[in-house]
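Below: the structure, in C-alpha coordinates.
The values are calculated or read from the model by the stated rules, or taken from the named source; none is laboratory data. Remember, predicted model here, so these are calculated numbers, not experimental data. Here the Cβ positions follow ideal geometry from the backbone for every residue, glycine too, while neighbour counts run over all protein chains shown.
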Amino acid sequence: MTAAVAVDLGKTGCRAVLWDGAAGPAQEVHEVPGAPGLAAADGVAAARAAVRAAVLPLLQRRGVPGLASVCVGAAGAAAAPAAARELAALLLDDLPADEVAVTSDAVTAHAGALGGGTGVVLAIGTGSVAIGIGADGAYARVDGWGPWLGDEGGGAWIGAAGLRAALRAHDGRGAVTALLDAAVARFGDLDLLPAALGREGNPARTAASFAPDVARAAGEGDPVARAVLGDAATALGEAVLAAASRIGGDEPLPVTLTGGLTGLGEPLLAPLRRALAASPRPLSPRPPLGDPLEGARLLALDATAPHEPHVVRVRRTTPSPSVPTPPADPSALAQE
(Lines give C-alpha, C1' and ligand atoms only; values in the text may rest on other atoms or scores of the structure.)
Protein backbone atom coordinates (compact mmCIF):
# COMPACT_ATOMS: atom_id res chain seq x y z
CA MET A 1 0.00 0.00 0.00
CA THR A 2 1.75 3.19 -1.18
CA ALA A 3 -1.05 5.74 -1.30
CA ALA A 4 -0.77 8.71 1.07
CA VAL A 5 -2.89 11.73 1.86
CA ALA A 6 -1.45 15.12 2.69
CA VAL A 7 -3.53 17.70 4.54
CA ASP A 8 -2.89 21.40 5.09
CA LEU A 9 -5.22 22.46 7.91
CA GLY A 10 -5.20 26.20 8.47
CA LYS A 11 -7.51 28.59 10.23
CA THR A 12 -9.04 29.74 6.95
CA GLY A 13 -9.11 26.58 4.84
CA CYS A 14 -8.36 22.85 4.95
CA ARG A 15 -6.83 21.36 1.79
CA ALA A 16 -6.20 17.70 1.08
CA VAL A 17 -4.59 15.84 -1.81
CA LEU A 18 -4.12 12.13 -2.48
CA TRP A 19 -0.87 10.66 -3.78
CA ASP A 20 -1.05 7.15 -5.23
CA GLY A 21 2.27 5.41 -5.70
CA ALA A 22 0.99 3.68 -8.85
CA ALA A 23 -0.96 6.46 -10.54
CA GLY A 24 1.06 9.44 -9.30
CA PRO A 25 -0.29 12.51 -7.53
CA ALA A 26 -3.89 13.44 -8.06
CA GLN A 27 -4.47 16.76 -9.78
CA GLU A 28 -7.42 17.48 -7.56
CA VAL A 29 -7.02 19.38 -4.31
CA HIS A 30 -10.14 19.21 -2.19
CA GLU A 31 -10.67 22.24 0.03
CA VAL A 32 -13.17 22.89 2.80
CA PRO A 33 -13.33 25.56 5.54
CA GLY A 34 -10.56 25.41 8.13
CA ALA A 35 -10.61 25.28 11.92
CA PRO A 36 -9.67 27.79 14.65
CA GLY A 37 -6.54 25.84 15.65
CA LEU A 38 -5.73 22.86 17.86
CA ALA A 39 -5.04 25.07 20.86
CA ALA A 40 -8.51 26.64 20.69
CA ALA A 41 -11.51 25.45 22.68
CA ASP A 42 -12.93 22.38 20.89
CA GLY A 43 -9.98 22.68 18.51
CA VAL A 44 -9.52 18.92 18.14
CA ALA A 45 -13.17 18.32 17.30
CA ALA A 46 -13.20 21.14 14.75
CA ALA A 47 -9.95 19.90 13.19
CA ARG A 48 -11.24 16.34 13.01
CA ALA A 49 -14.39 17.46 11.23
CA ALA A 50 -12.44 19.58 8.74
CA VAL A 51 -9.95 16.80 7.91
CA ARG A 52 -12.72 14.25 7.42
CA ALA A 53 -14.64 16.62 5.18
CA ALA A 54 -11.54 17.23 3.07
CA VAL A 55 -10.20 13.66 2.87
CA LEU A 56 -13.17 11.30 2.62
CA PRO A 57 -14.52 12.60 -0.72
CA LEU A 58 -11.05 12.15 -2.25
CA LEU A 59 -10.90 8.52 -1.17
CA GLN A 60 -14.38 7.82 -2.45
CA ARG A 61 -13.84 9.47 -5.84
CA ARG A 62 -10.53 7.69 -6.43
CA GLY A 63 -11.77 4.37 -5.03
CA VAL A 64 -8.79 4.01 -2.71
CA PRO A 65 -9.43 1.24 -0.15
CA GLY A 66 -6.55 2.07 2.16
CA LEU A 67 -3.59 4.37 2.79
CA ALA A 68 -0.04 3.91 3.95
CA SER A 69 -0.10 7.22 5.76
CA VAL A 70 -1.95 10.46 6.35
CA CYS A 71 0.00 13.55 7.40
CA VAL A 72 -1.80 16.63 8.69
CA GLY A 73 -0.05 19.97 9.05
CA ALA A 74 -2.36 21.70 11.53
CA ALA A 75 -2.46 25.25 12.82
CA GLY A 76 -1.86 25.28 16.56
CA ALA A 77 -0.16 21.88 16.75
CA ALA A 78 3.13 23.30 18.02
CA ALA A 79 1.41 24.96 20.96
CA ALA A 80 -0.78 21.94 21.77
CA PRO A 81 1.18 18.68 21.37
CA ALA A 82 -1.34 16.69 23.43
CA ALA A 83 -4.12 17.90 21.14
CA ALA A 84 -2.02 16.89 18.12
CA ARG A 85 -1.68 13.37 19.48
CA GLU A 86 -5.40 13.21 20.26
CA LEU A 87 -6.25 14.32 16.72
CA ALA A 88 -3.91 11.69 15.24
CA ALA A 89 -5.58 8.94 17.27
CA LEU A 90 -9.08 10.06 16.31
CA LEU A 91 -8.21 10.26 12.63
CA LEU A 92 -6.75 6.76 12.79
CA ASP A 93 -10.22 5.65 13.87
CA ASP A 94 -11.85 7.66 11.08
CA LEU A 95 -9.62 6.91 8.09
CA PRO A 96 -8.38 3.67 6.47
CA ALA A 97 -4.70 4.45 7.07
CA ASP A 98 -1.87 2.42 8.57
CA GLU A 99 -0.50 5.56 10.20
CA VAL A 100 -1.56 9.15 10.93
CA ALA A 101 1.00 11.88 11.50
CA VAL A 102 0.16 15.33 12.84
CA THR A 103 2.52 18.27 13.01
CA SER A 104 2.41 22.05 12.83
CA ASP A 105 1.36 23.57 9.53
CA ALA A 106 4.55 25.62 9.81
CA VAL A 107 6.62 22.41 9.85
CA THR A 108 4.93 21.07 6.70
CA ALA A 109 5.39 24.49 5.09
CA HIS A 110 9.11 24.30 5.89
CA ALA A 111 9.47 20.76 4.55
CA GLY A 112 7.67 21.64 1.34
CA ALA A 113 9.36 24.97 0.73
CA LEU A 114 12.92 23.68 1.22
CA GLY A 115 12.39 20.11 0.01
CA GLY A 116 13.02 18.66 3.44
CA GLY A 117 16.29 20.60 3.75
CA THR A 118 17.64 23.21 6.14
CA GLY A 119 17.05 26.96 6.31
CA VAL A 120 14.34 29.36 7.43
CA VAL A 121 10.79 29.40 6.13
CA LEU A 122 8.48 32.30 6.93
CA ALA A 123 4.89 31.09 6.69
CA ILE A 124 2.33 33.88 6.57
CA GLY A 125 -1.38 33.35 6.22
CA THR A 126 -4.03 34.25 8.75
CA GLY A 127 -1.20 33.92 11.27
CA SER A 128 2.58 34.04 10.96
CA VAL A 129 5.51 31.92 12.09
CA ALA A 130 9.16 31.52 11.16
CA ILE A 131 10.66 28.04 11.33
CA GLY A 132 14.41 27.47 11.18
CA ILE A 133 16.17 24.12 10.90
CA GLY A 134 19.97 24.05 10.90
CA ALA A 135 22.50 21.68 9.40
CA ASP A 136 23.14 20.16 12.84
CA GLY A 137 19.43 19.63 13.46
CA ALA A 138 18.98 22.80 15.51
CA TYR A 139 15.35 23.94 15.50
CA ALA A 140 13.84 27.35 16.09
CA ARG A 141 10.22 28.40 16.04
CA VAL A 142 9.60 32.13 16.21
CA ASP A 143 6.10 33.54 16.83
CA GLY A 144 3.06 31.58 15.75
CA TRP A 145 1.55 32.42 19.14
CA GLY A 146 -1.96 32.98 17.82
CA PRO A 147 -3.95 36.12 17.06
CA TRP A 148 -4.15 37.43 20.63
CA LEU A 149 -0.53 36.93 21.70
CA GLY A 150 1.45 37.01 18.47
CA ASP A 151 1.22 36.15 14.77
CA GLU A 152 2.72 39.59 14.19
CA GLY A 153 2.62 40.68 10.58
CA GLY A 154 0.18 37.94 9.58
CA GLY A 155 -3.14 38.40 7.85
CA ALA A 156 -5.22 38.79 11.02
CA TRP A 157 -2.64 41.22 12.44
CA ILE A 158 -2.66 43.34 9.28
CA GLY A 159 -6.43 43.23 8.99
CA ALA A 160 -6.95 44.19 12.63
CA ALA A 161 -4.42 47.03 12.39
CA GLY A 162 -6.19 48.31 9.29
CA LEU A 163 -9.56 48.13 11.00
CA ARG A 164 -8.23 49.95 14.06
CA ALA A 165 -6.96 52.71 11.77
CA ALA A 166 -10.36 52.85 10.08
CA LEU A 167 -12.11 53.15 13.45
CA ARG A 168 -9.75 55.92 14.56
CA ALA A 169 -10.62 57.83 11.40
CA HIS A 170 -14.32 57.07 11.98
CA ASP A 171 -14.07 58.49 15.51
CA GLY A 172 -12.15 61.58 14.43
CA ARG A 173 -9.12 60.67 16.56
CA GLY A 174 -6.89 59.42 13.76
CA ALA A 175 -5.60 60.34 10.34
CA VAL A 176 -7.90 60.41 7.34
CA THR A 177 -7.41 57.15 5.43
CA ALA A 178 -8.91 55.21 2.55
CA LEU A 179 -9.19 52.32 4.98
CA LEU A 180 -12.33 53.89 6.40
CA ASP A 181 -14.27 53.56 3.16
CA ALA A 182 -12.76 50.12 2.56
CA ALA A 183 -13.93 48.91 5.97
CA VAL A 184 -17.45 50.22 5.38
CA ALA A 185 -17.53 48.57 1.96
CA ARG A 186 -16.54 45.20 3.43
CA PHE A 187 -18.31 45.19 6.79
CA GLY A 188 -21.05 47.82 6.60
CA ASP A 189 -21.91 50.06 9.56
CA LEU A 190 -18.72 50.34 11.62
CA ASP A 191 -20.72 50.81 14.81
CA LEU A 192 -21.57 47.12 14.39
CA LEU A 193 -18.02 46.03 13.53
CA PRO A 194 -17.25 44.24 16.84
CA ALA A 195 -20.26 41.98 16.35
CA ALA A 196 -19.40 41.44 12.68
CA LEU A 197 -15.92 40.18 13.55
CA GLY A 198 -17.31 37.41 15.73
CA ARG A 199 -20.35 36.52 13.65
CA GLU A 200 -18.75 33.54 11.87
CA GLY A 201 -17.03 32.18 14.98
CA ASN A 202 -13.49 32.88 13.77
CA PRO A 203 -12.58 36.54 14.41
CA ALA A 204 -8.99 36.06 13.23
CA ARG A 205 -10.11 34.77 9.85
CA THR A 206 -12.65 37.60 9.52
CA ALA A 207 -10.02 40.21 10.39
CA ALA A 208 -7.61 38.63 7.88
CA SER A 209 -10.19 39.13 5.13
CA PHE A 210 -9.43 42.86 5.38
CA ALA A 211 -5.68 42.43 4.72
CA PRO A 212 -6.09 42.60 0.90
CA ASP A 213 -7.97 45.88 1.33
CA VAL A 214 -5.04 47.25 3.34
CA ALA A 215 -2.60 46.16 0.64
CA ARG A 216 -4.76 47.69 -2.07
CA ALA A 217 -4.92 51.01 -0.24
CA ALA A 218 -1.15 50.90 0.35
CA GLY A 219 -0.54 50.22 -3.33
CA GLU A 220 -2.62 53.28 -4.16
CA GLY A 221 -0.47 55.42 -1.89
CA ASP A 222 -2.52 55.67 1.29
CA PRO A 223 0.07 56.58 3.98
CA VAL A 224 -1.82 54.92 6.84
CA ALA A 225 -2.12 51.63 4.98
CA ARG A 226 1.53 51.83 3.94
CA ALA A 227 2.52 52.31 7.58
CA VAL A 228 0.51 49.24 8.58
CA LEU A 229 2.29 47.09 6.01
CA GLY A 230 5.65 48.61 6.92
CA ASP A 231 5.11 47.61 10.54
CA ALA A 232 4.02 44.14 9.42
CA ALA A 233 7.16 43.74 7.29
CA THR A 234 9.35 44.82 10.21
CA ALA A 235 7.74 42.24 12.49
CA LEU A 236 8.06 39.48 9.89
CA GLY A 237 11.68 40.37 9.21
CA GLU A 238 12.47 40.25 12.94
CA ALA A 239 11.01 36.75 13.10
CA VAL A 240 13.20 35.52 10.25
CA LEU A 241 16.36 37.09 11.70
CA ALA A 242 15.63 35.63 15.14
CA ALA A 243 15.18 32.14 13.66
CA ALA A 244 18.39 32.48 11.66
CA SER A 245 20.30 33.55 14.76
CA ARG A 246 18.97 30.72 16.91
CA ILE A 247 19.91 27.89 14.53
CA GLY A 248 23.46 29.22 14.26
CA GLY A 249 26.05 28.89 11.51
CA ASP A 250 27.98 31.28 9.28
CA GLU A 251 27.18 30.02 5.78
CA PRO A 252 24.53 31.76 3.64
CA LEU A 253 21.21 30.50 4.89
CA PRO A 254 18.36 29.55 2.53
CA VAL A 255 15.26 31.61 3.29
CA THR A 256 11.91 31.32 1.62
CA LEU A 257 8.45 32.75 2.04
CA THR A 258 5.23 30.77 1.81
CA GLY A 259 1.55 31.18 2.61
CA GLY A 260 -1.47 32.94 1.23
CA LEU A 261 -0.36 36.39 2.38
CA THR A 262 2.36 36.42 -0.27
CA GLY A 263 -0.51 37.29 -2.60
CA LEU A 264 -0.55 40.82 -1.16
CA GLY A 265 2.40 41.50 -3.45
CA GLU A 266 4.85 44.39 -3.42
CA PRO A 267 3.10 46.58 -0.82
CA LEU A 268 4.19 43.95 1.73
CA LEU A 269 7.08 42.18 -0.01
CA ALA A 270 9.13 45.29 -0.84
CA PRO A 271 9.46 46.46 2.79
CA LEU A 272 10.02 42.85 3.86
CA ARG A 273 12.99 42.55 1.52
CA ARG A 274 14.44 45.71 3.04
CA ALA A 275 13.98 44.26 6.53
CA LEU A 276 15.79 41.04 5.59
CA ALA A 277 18.67 42.97 4.03
CA ALA A 278 19.65 44.05 7.56
CA SER A 279 20.59 40.48 8.54
CA PRO A 280 24.08 40.12 10.02
CA ARG A 281 24.22 36.60 8.58
CA PRO A 282 24.11 36.24 4.79
CA LEU A 283 20.69 35.09 3.65
CA SER A 284 19.97 33.31 0.40
CA PRO A 285 16.37 34.14 -0.58
CA ARG A 286 14.81 31.64 -2.93
CA PRO A 287 11.37 30.68 -4.17
CA PRO A 288 9.69 27.75 -2.41
CA LEU A 289 10.24 24.33 -3.96
CA GLY A 290 6.78 23.15 -2.92
CA ASP A 291 3.80 24.09 -0.83
CA PRO A 292 2.68 22.76 2.58
CA LEU A 293 0.84 19.91 0.89
CA GLU A 294 4.10 18.75 -0.68
CA GLY A 295 5.73 19.06 2.73
CA ALA A 296 3.00 16.95 4.30
CA ARG A 297 3.52 14.34 1.58
CA LEU A 298 7.25 14.24 2.27
CA LEU A 299 6.69 13.80 6.00
CA ALA A 300 3.92 11.25 5.47
CA LEU A 301 6.32 8.88 3.76
CA ASP A 302 9.69 9.77 5.31
CA ALA A 303 10.29 9.56 9.05
CA THR A 304 14.01 10.39 8.69
CA ALA A 305 13.73 14.10 7.79
CA PRO A 306 15.19 16.64 10.25
CA HIS A 307 11.60 17.67 11.02
CA GLU A 308 10.78 14.31 12.64
CA PRO A 309 11.19 15.36 16.31
CA HIS A 310 8.26 17.70 15.76
CA VAL A 311 5.92 15.14 14.18
CA VAL A 312 3.45 13.05 16.20
CA ARG A 313 2.88 9.61 14.64
CA VAL A 314 0.26 7.07 15.63
CA ARG A 315 0.36 3.64 14.00
CA ARG A 316 -2.52 1.22 13.63
CA THR A 317 -2.57 -1.92 15.75
CA THR A 318 -6.04 -3.10 14.69
CA PRO A 319 -7.55 -3.80 11.25
CA SER A 320 -8.10 -0.73 9.12
CA PRO A 321 -11.71 0.46 8.73
CA SER A 322 -13.35 0.77 5.35
CA VAL A 323 -13.80 4.21 3.83
CA PRO A 324 -16.78 5.71 5.65
CA THR A 325 -19.40 7.86 4.03
CA PRO A 326 -19.06 11.53 4.98
CA PRO A 327 -22.06 12.89 6.89
CA ALA A 328 -24.38 15.26 5.08
CA ASP A 329 -23.11 17.98 7.43
CA PRO A 330 -19.46 17.19 8.24
CA SER A 331 -19.35 19.98 10.80
CA ALA A 332 -21.71 17.90 12.92
CA LEU A 333 -18.66 15.85 13.97
CA ALA A 334 -17.47 18.87 15.91
CA GLN A 335 -20.34 18.25 18.27
CA GLU A 336 -19.28 14.68 19.07
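Just a few scattered comments:
- Selected residue (criterion: surrounded by the fewest Cβ atoms within 10 Å (Cβ to Cβ)) from residues of the stretch 289-313 that are under 18 Å from the mean Cα position of the chain (by Cα) and assigned to a loop (DSSP other than H, G, I, E, B): Leu289
Residues checked against (1) in the same structural domain as Ala47 (by TED's automatic domain parsing); (2) under 16 Å from Arg297 (Cβ atoms); (3) touching an Asp or Glu at 6+ places or on another chain (Cβ under 9 Å):
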| residue | (1), (2), (3) |
| --- | --- |
| Gly76 | yes, no, yes |
| Ala83 | yes, no, no |
| Pro96 | yes, no, no |
| Glu99 | yes, yes, no |
| Gly144 | no, no, yes |
| Trp157 | no, no, yes |
| Ala160 | no, no, no |
| Ala165 | no, no, no |
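- Any hit, the stretch 117-137, residues being within 18 Å of Thr262 (Cβ to Cβ) and among the acidic types (Asp, Glu): no
- Residue match in the stretch 259-280 (condition: closer than 30 Å to Arg85 by Cα, touching an Asp or Glu at 6+ places or on another chain (Cβ under 8 Å), not in a loop (DSSP other than H, G, I, E, B) and not assigned by TED's automatic domain parsing to the domain that holds Pro96): no
A quick yes/no check of all residues on (1) over 20 Å from the mean Cα position of the chain (by Cα); (2) in the same structural domain as Val255 (by TED's automatic domain parsing); (3) hydroxyl-bearing (Ser, Thr, Tyr); (4) surrounded by fewer than 21 Cβ atoms within 10 Å (Cβ to Cβ):
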position	(1), (2), (3), (4)
Gly125	no, yes, no, no
Ser128	no, yes, yes, no
Arg173	yes, yes, no, yes
Asp181	yes, yes, no, yes
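Every residue, every condition in (1) free of Cβ contacts under 8 Å to residues at least 40 places away in the same chain; (2) farther than 17 Å from Pro292 by Cβ, yes or no:
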| position | (1), (2) |
| --- | --- |
| Val32 | no, no |
| Ala41 | yes, yes |
| Val55 | no, no |
| Val70 | no, no |
| Ala83 | no, yes |
| Leu92 | no, yes |
| Leu95 | no, yes |
| Asp98 | no, yes |
| Ala106 | yes, no |
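- Qualifying residues in the stretch 5-21 (those that are closer than 14 Å to Gly260 by Cβ and part of a loop (DSSP other than H, G, I, E, B)) - the one modelled with the highest pLDDT: Gly10
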